[in-house]
Amino acid sequence: MLTEFKKFILKGNVIDLATGVIIGASFGKIVTAFTDGVVAPILSLVGGDPKVPLKVWIFDLGMIISAVIGFLITAAVIFFVIIKPANALMTRMKKMEAAAPPAAPPAPPAQEVLLMEIRDLLKKA
């Protein structure tokens, strides 16, 4: 059971996922700073204080709208900064692999060459 657990942990997918979570958490801080430093001042210029609660009965819809805007900003930045360049890089790599000629197969060992010669001589006899 311990060996299986070690194989599971050392799979590339688990490591990639853990790295993604760590980078995502750090990236969230950048998006929060961008929202507080750029978007909030712009909203302040256009419509006043961006942190004014929009209460409907007991629900604060302003908080939900702020979260949706934050999510959309995060998704847009991730898409344009990470996904689009990564897709372009992958496409370029696939084109380079397709354009490269396939590698020649390695020469057979001397024993196999000798056995093939013996086979060919036996076929003639």
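Bear in mind that the values in this text are calculations on the coordinates, not laboratory data. Please read these numbers as outputs of a predicted model, since none were measured by experiment. Methodologically, a virtual Cβ is constructed for each residue, glycine included, from the backbone with ideal geometry; neighbour enumeration extends over all protein chains shown.
With θ set to phi - 60° and the Karplus curve 6.51 cos²θ - 1.76 cosθ + 1.60, what are the ³J(HN,Hα) couplings of the stretch 24-30 in order, to the nearest whole Hz, using x for Gly and Pro?
Each residue of the stretch 24-30 in turn: x, 5, 5, 5, x, 5, 5 Hz.
Would you calculate the separation in nanometres between label points at PHE79 and THR3, each defined as 7 Å from the Cα along the Cα-to-beta-carbon direction?
Simple spin-label model gives 4.7 nm for this pair.
Using each residue's phi in the stretch 93-103, evaluate 6.51 cos²θ - 1.76 cosθ + 1.60 at θ = phi - 60° and report the 3J(HN,Hα) Karplus result to the nearest Hz, with x for Gly and Pro.
Running phi through 6.51 cos²θ - 1.76 cosθ + 1.60 with θ = phi - 60° gives 5, 5, 5, 5, 5, 5, 6, 5, x, x, 5 Hz.
Angle check, please: helix 110-124 long axis (alpha carbons) against the longest principal axis of the chain (alpha carbons), in degrees 0 to 90, nearest 10.
On a 0 to 90 degree scale, this one is about 50.
Quick check of the Kirkwood formula: for the chain, what is the inverse mean of 1/r over all pairs of different Cα atoms, in Å? Walk me through the intermediate numbers first.
Details: mean 1/r = 0.0470 Å⁻¹.
Final number for the Kirkwood radius of the chain is 21.3 Å.
Find the relative contact order for the chain and round it to a whole percent, using C-alpha pairs within less than 8 Å whose residues are 6+ positions apart. Before the final figure, lay out the partial values.
Working: 24 pairs, mean separation 15.9, N = 125.
Relative contact order comes out at 13 percent.
Got a sec? How would SER26, SER66 order by Cβ neighbour count within 10 Å, fewest to most?
Values: SER26 9, SER66 19.
Starting with the residue having the fewest Cβ neighbours, the order is SER26, SER66.
Can you give the charge dipole size of the stretch 53-125 about its Cα centre, rounded to the nearest 20 debye, using +1 on the beta carbon of Lys and Arg and -1 on the beta carbon of Asp and Glu?
Details: 8 positive and 5 negative charges, 39 e Å.
Using Cβ point charges on Lys, Arg, Asp and Glu, the stretch 53-125 gives about 180 debye.
Give a residue-ordered list of calculated ³J(HN,Hα) values for the stretch 16-22 (Karplus: 6.51 cos²θ - 1.76 cosθ + 1.60, θ = phi - 60°; whole Hz; x for Gly, Pro).
4, 5, 4, 4, x, 5, 5
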